[in-house]
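Data block below; observations after.
Rule-based calculations on the coordinates, nothing more; no lab input. The structure presented is a predicted model; accordingly, all values stated were derived computationally and were not measured. Don't worry about glycine lacking a Cβ; one is built from the backbone with ideal geometry, like all the others, and counts go over all protein chains shown.
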Amino acid sequence: MRRQALSPSTAAPPAAENVSDLETSAKNRETLSLAAAAAESKAVELDPKGLEQFAEAIDPDWQKRQDPDERNRKRQHKNSDEQEEENTVSKTGNLSAAGIKKMALHTAEKNPLLAILNRLPGKNGQRWIVFPFSFNEGGREFKVSLRILFETDSQISNHAVCMALDIVESGETARRWLFVVKGINTARHDGSTAAGLTVYLQPELPPKARASFARKLSNLMEIPPECISVKNQTESFPCESGCTDDWPLAINEAV
């Protein structure tokens, strides 16, 4: 996996010349390593092109980190019909659950490699699926990677135990939100159940601003405040890297 991630044939920026270049190179290696590990867990070894495609699906910030020549090359490889169809899907009016589902499934269906990888389970019985898509809202462009972890047990087939919604806003603002929902059927102190939500933010917010954002999310999503945590994001993939080990374990409703 390390050889794959560091292979010269995988997409990477030019040789690092300053701190920014070093950070970009490190982030690309991290994304490529995660993509290689995810593929290996499904007993799949990807060639450099496939590894790059999977990395781009996992990391919504991938394209922005590539050099301008690389981005232009990718745009030129898309024919006008595909581009027009993608633009139509990304402009489906007000965002809704149905609209997001349509965009996510549309993008996955157009990527045969991703469609196959999403169907393959991991060696431990769990299965990560990835749905990348993009949309425009209020003159701003957003790139999204929706990642869902399923596991199969003796009672429930394809039980979702974790969902990560990774959103990057393009342009000068360059903001990023990572919403992680875990423990969908989690026991609370009063005996009821509620999902837990952790939000990772870039750029950083002061404590008071994070607390205010958590209260707004609680009201909007009808999740108890004690089940919401807003943090500054210090790494690219806190969900996959195990930083959520402090979450309560999910339990099945039919126990």
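For residue 141, the residues whose amide H sits under 5 Å from its own are 170, ignoring neighbours fewer than 5 places away on the same chain, with H placed 1.01 Å from N.
The phi torsions of the stretch 49-59, fed into the Karplus equation with coefficients 6.51, -1.76 and 1.60 and a -60° offset, translate into couplings of 5, x, 5, 5, 4, 5, 4, 5, 6, 6, 10 Hz, rounded to whole numbers, with Gly and Pro shown as x.
Grab the other residues whose beta carbon is less than 10 angstrom from that of residue 123, score K and R as +1, D and E as -1, and report the net. So the environment of residue 123 carries a net charge of 0. Taking a Cβ cut-off of under 10 Å around residue 145, the surrounding Lys, Arg, Asp and Glu residues balance to a net charge of -2, with basic ones at +1 and acidic ones at -1.
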